[in-house]
Amino acid sequence: MAKTMCSHMRNMPHNIKKVTEIVKEPQFICKKCAHVSRKDKYLCKPIPII
Ligand SMILES: [Zn+2]
């Protein structure tokens, strides 16, 4: 299974650069954890930001 944003967040600050890249221009938000991401695949419960 691909790593979600939520799992990336748990590994911070090791993945801070990667996380910054993912959240730079957020298009989706995780309904479960309220994390944001550019791609829905990084979130466990993604919903589009309108
Ligand atoms: Zn999540």
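The values are calculated or read from the model by the stated rules, or taken from the named source; none is laboratory data. For clarity, every value in this text was computed on a predicted model and none was experimentally measured. Backbone-built Cβ (ideal geometry, glycine too); neighbour counts: all protein chains shown.
Under the condition of being more than 9 Å from the ligand (Cβ to nearest atom) and not aliphatic (A, V, I, L, M), which residue from the stretch 23-36 is surrounded by the most Cβ atoms within 10 Å (Cβ to Cβ)?
Step by step, filter the stretch 23-36, then rank; the result is Phe28.
Limited to the stretch 1-47, what total is found for residues that are modelled with pLDDT of 85 or more and not in a helix (DSSP H, G or I)?
Summing the residues that are modelled with pLDDT of 85 or more and not in a helix (DSSP H, G or I) in the stretch 1-47 gives 21.
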